[in-house]
1. Being of a type outside the set (Lys, Arg) and out of contact with any Leu (no Cβ under 9 Å at 6 or more places or on another chain) is the filter here; which residues of the stretch 284-315 pass it?
2. Could you please find all residues in the stretch 282-311 being crowded, with 16+ Cβ neighbours inside 10 Å and among the acidic types (Asp, Glu)?
3. Answer yes or no as to whether Asp648 is surrounded by 18 or more Cβ atoms within 10 Å (Cβ to Cβ), touching a Ser or Thr at 6+ places or on another chain (Cβ under 9 Å), at pLDDT below 90 and closer than 29 Å to Gln501 by Cα.
4. What's the total number of residues in the stretch 178-194 that are out of contact with any Ser or Thr (no Cβ under 7 Å at 6 or more places or on another chain), part of a strand (DSSP E or B) and crowded, with 17+ Cβ neighbours inside 10 Å?
5. Could you tell me whether Leu576 is in contact with a strand residue (DSSP E or B) (Cβ under 6 Å, 6 or more places away or on another chain), crowded, with 19+ Cβ neighbours inside 10 Å and in the same structural domain as Leu516 (by TED's automatic domain parsing)?
6. State which residue is nearest to Ala514 (Cα to Cα) when the search covers only the stretch 546-564 and only residues that are buried (at least 17 other Cβ atoms within 10 Å of the Cβ) and aliphatic (A, V, I, L, M).
7. Exactly one condition in (1) within 19 Å of Leu94 (Cβ to Cβ); (2) outside the structural domain of Arg310 (by TED's automatic domain parsing) is false for Tyr187; which is it?
Amino acid sequence: MKVLKRITAITGIVVLLLILVAWILAVVYEDDVKKLVLNELNQHLTTEIEVKDIDLTLLEKFPYASLRFTDILAKDATSGQKKDSLLYAHKLFLQFNLFDLFSEHYTLKKVSAETGVVKLRVRSDGTVNYHFWKDDTTSSDNAFTIDLKQVNLSGLRFEYTHAPSAFGMMFHVDESTVSGQVSNNGYTAHLKCDLFLNDMYSDTTHILRDRDISINTGLDVRNQEVYTFKRGKLKVDELEWQDIQVTYTDKEGHTPKLEATGKGTDLPWNALLKSLPVQVQNVFNGYETDGLVDVHFNLAGRLGKGQNLRLDAEYMMKEGTLALTGSPVRLSNLQVEGTLAYMAEGGPANNVFFKSVRASLEGDALTGRGVIENFEQPHLQCTVEGALDLSHLPVLIRMDTVESLHGHAGIHLNYNGPINSPHNMSPDEWKQVVLLGTASLQNVALSLKGSKHTLSDVNGKLILRNPDLSVDSLHAMLNNTRIDMNGVLRNFMGYVLYPDQDLNIEGRVTSPLADLNDLLKSDVSKAATPYLFALPDHVNMNVDMNIGEVVFRRFKAANVNGKLRMENRVLYADLLSMQTMGGTIELSGSADNRSRDHVDADVQSSIRNIQVKYLFYQAENFGQDLLRDEHLQGKMSARVSMQSTWSDHLDLDPAKLRAHGSVKVENGELIDFKPMLSLSRFIKVSELEHIRFSTLENEVDIHDQTVFIPLMDIKSSALNVSASGSHTFDNKIDYHFRVRLSDLLSRKARKAKKENDEYGVVEDDGLGRTSLYISMTGTADNPEIKYDQQGVREKIREDLKKEKQNLKSILHDEFRFLHKDTIPKTPPKKEKKEFEIEWE
């Protein structure tokens, strides 16, 4: 311990002695050194110098003796009265060997400057402010010589401007060392420098900004005009470049010229992207990228206004990734080989070529090639091939209308258009994009937002020619309905990418079975009925349809053929034909769903030879229980026009139903029909239980929730009847019957109901055949049947009108008089009787 203390004490004493000696020497030699050095400097400097203090220090730059200038200011080395500062340094050291003090011959070896500003300028007239040193051949004093081996800089801010070319740089030197034989005219040295580049610009273009830079390179300077950095290493932020060769030429009267070559290996892509011009960076806005890049580059051109630097590079990316910002799905194992060509004012000539692209999208292999041109308005031409899992497509390309997409596709795609996302383009701009390709679909499933329908098991070939999509032999399941389709989906891409674009479908659709129960189903947990009729927005359609079988509730039809059109949520059927209920139906019409909460239907149909029993069964007895399918037999033909309104859940609005039909029923049968059996109170005929008739024809109207049946003749197996009347939807009835009394007075009828020949309102038909009038009113469940006096009055009135007209015609034709009508307008009143018989 005592030894350590002794060594420490001796060392301290030695240091103190050395400091004391250094101080003494500095005091002794300071005036001589200052006088000699300042005298020599004044002979060589062409600039004015201002300095706060000059002193000799032997310790601050030990082992060198240094003449220290404190707060030194050197002004522009130019003629003229107004001068700015060329250099300001808080400390400037001129360093020479310590032993020069004893030889009284001083050789300048090093220069160090700390904390200050250097402003280098080339003015508009081409003059410079930094030629501050001149050779003075008149001096014969050899006591001070310059043999500069090293220049050290620290904490200096440099500003360089070249006014004629509008080129400039601003950077802050943290530490810099130039080692070599430094001289005024030319020298070869080694440069090691750490700096922060604030800005390097040419005219209005910022070449580099805000970069940490480290330089380790050889330096060759010729006549203060040509600066060559060779065999160097350059680090810009995280980017390390090797084999750097840079030549900067700044000859008086010419714009500066820059030539540079180099290479980088395993450069981080994101760091490299930040170093590229902002126009190149903007190409990748909205994407997350990563990877390693090998680059060989060449940079050449003149700097300044109206001049262009040209950057050419060959690159190879490896281990790359690419994804939309925030997306979990990304291209991986990205390998790209290509070239880059860029000029600040290059415009369309700027490009990035992708000679070869290979990538994996969640396990699917993709290959491609292409080029990006014009970085101001990036334009992409590319070809992509490979297998694609379609579930990744909506996260790579945003699709507002797609809820989910699954399946696989073998794709071959050509794109020629802006590189912007489609959502940054208007629909009209998107239509100008050239997008061609084919896709072979395998087990694809698609559902759209707001739709209850799902396409699944989609297989076939798609041909894309933006914005249209052609469908070639496409097989799919729409919910549980199989469909086969050939055609064109016009503006398909616009419909998928933009929420307000129309999709126009043209083609042919076939299906072995269309189950409308499934296609029209709604969310039963939220709806009172299991069906929802909702035509999609912005979908227009014009398709030929061939469906083997259609099923909806009880309704079944086969060989359904025709044309379906849809426009603005209105569905049109043109000559739709089908085989159903044992006959055929042809119909045309429309279903208007524009109001969304209901459907207005307008249908014209031609019906031939359908079974009435099946009609009532498949129509679920039209929602009533009075006249049911088990009551009916026969074949019906008709021409029907109907207008109706339905809710979106397919509930009929009875108040808005209007229909007119010309109906013909052949070989009809009415079996156990309750209202007809009610006639047995007056006409007890066993055949009323099962009435057969050969032909029935009439015109039927429906409106105001009532079925209106004009007068018609029914020739049946029970008896011949003329009938008319009305039947409301709530089963209120008003029927009128006229029965021939001769039928009722037949033996069978008399045995059944003898009072028919004693009571009742009867009328002779003019041929000696007397008729009986009967009315049926009330409700279908509880009809009120009575003899119809009003009916016979109307019949008499009609007969009198006919006889009046006949009489007038006879008198006019035979006697040419009775121009005025003297026939009473109404028959004379008769005394009311309980039963009346009219004879001719």
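The values are calculated or read from the model by the stated rules, or taken from the named source; none is laboratory data. Predicted model only: the values in this text are computed from it and were never measured. Note that we place each Cβ from the backbone using ideal geometry, even for glycine, and neighbour counts take in every protein chain shown.
1. Within the stretch 284-315, the subset of a type outside the set (Lys, Arg) is 284-301, 303-304, 306-309, 311-315.
The answer is Asn285, His296, Gly304, Gly306, Gln307, Asn308.
2. Asp290 - this is the single residue of the stretch 282-311 that is crowded, with 16+ Cβ neighbours inside 10 Å and among the acidic types (Asp, Glu).
3. yes
4. The total comes to 1.
5. Yes; evaluated as a whole, the condition is true for this residue.
6. The qualifying residue nearest to Ala514 (Cα to Cα) is Val550.
7. Among (1) within 19 Å of Leu94 (Cβ to Cβ); (2) outside the structural domain of Arg310 (by TED's automatic domain parsing), Tyr187 violates only (2).
Conditions (1) of a type in the set (D, E, K, R); (2) at pLDDT 85 or above; (3) assigned by TED's automatic domain parsing to the domain that holds Glu403; (4) in contact with a helix residue (DSSP H, G or I) (Cβ under 8 Å, 6 or more places away or on another chain), marked per residue:
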| site | (1), (2), (3), (4) |
| --- | --- |
| Met493 | no, yes, yes, yes |
| Ile505 | no, yes, no, no |
| Asp518 | yes, no, no, no |
| Val524 | no, no, no, no |
| Leu532 | no, no, no, no |
| Met541 | no, yes, no, no |
